[in-house]
Amino acid sequence: MRKVSPSLSEKLKLKIIADFQFGKGAGNVLFPEDITIERSKGTNRIRFVYLADERVCSFRVKDGYLVLSLMGARLLYEKALGLKVKVNQDAEPFVRKGKSVYSKHVIEANANISVREEVIIVNQKEEFIGIGTAKIAGLLMKEMKSGVAVDTRKGVGEG
């Protein structure tokens, strides 16, 4: 597939979605002027967004949400944006390998996390260790004593 520059309206659309999904200012952090996009073959819709030839995110067609790459999550993390889940030291090595986060290992979670939202996973020292999808609401993550809280998609340190 060929990478191309998005139109102004496409860039604005991406920024609006990012601000809605990850917080005000996220669109400017994730999508500066020099981004490129890759389109799907059949529908010609935006499929992937790149910054300096590294994927920032994917565009999930079924619901219109953005799915972060490690790079995209790191950009948000560095600007204190996005929804965070903090895990204890027992869970950290597993998250770094891309394993799920269980509720019993959650120390803190943003209260406004909804099911199926993209989350940034941090350790007890607030260091970025992974990204994933919330399986339960943020308010329940710390309260539950069993079950998966976050389905980790990619861990920092994973091969």
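The values are calculated or read from the model by the stated rules, or taken from the named source; none is laboratory data. Note that the structure is predicted; figures quoted are calculated from it, not measured. Quick reminder, even Gly has a Cβ in these numbers, built from the backbone with ideal geometry, and neighbours come from all protein chains shown.
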*Total residues in the stretch 102-159, condition in contact with a helix residue (DSSP H, G or I) (Cβ under 8 Å, 6 or more places away or on another chain), among the hydroxyl-bearing types (Ser, Thr, Tyr) and in contact (Cβ under 8 Å) with a residue 40 or more places away in the chain*: 3
*Restricting the first residue to the stretch 1-28 and requiring it to be under 15 Å from residue 58 (Cα atoms) and of a type in the set (Phe, Trp, Tyr), which pairs with a second residue that is modelled with pLDDT of 95 or more and in a helix (DSSP H, G or I) meet a Cβ separation below 6 Å and a spacing of at least six or different chains?*
22/76
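Rundown of residues vs (1) under 14 Å from residue 21 (Cα atoms); (2) part of a strand (DSSP E or B); (3) of a type in the set (A, V, I, L, M); (4) at pLDDT below 95, yes/no style:
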{"residue": "50", "(1), (2), (3), (4)": "no, yes, no, no"}
{"residue": "57", "(1), (2), (3), (4)": "yes, yes, no, no"}
{"residue": "99", "(1), (2), (3), (4)": "no, no, no, no"}
{"residue": "113", "(1), (2), (3), (4)": "yes, no, yes, no"}
*Quick one: would you say residue 74 is under 16 Å from the mean Cα position of the chain (by Cα), among the basic types (Lys, Arg) and closer than 28 Å to residue 124 by Cβ?*
yes
*Determine whether the stretch 69-92 contains at least one residue that is of a type in the set (Val, Ile, Thr) and either outside any strand (DSSP E or B) or surrounded by fewer than 22 Cβ atoms within 10 Å (Cβ to Cβ) (or both).*
no
*asked:* If the requirement is being in contact with a Pro (Cβ under 7 Å, 6 or more places away or on another chain), at pLDDT 95 or above and either surrounded by 11 or more Cβ atoms within 10 Å (Cβ to Cβ) or of a type outside the set (Ser, Thr, Tyr) (or both), which of these qualifies: 16, 37?
replied: 37
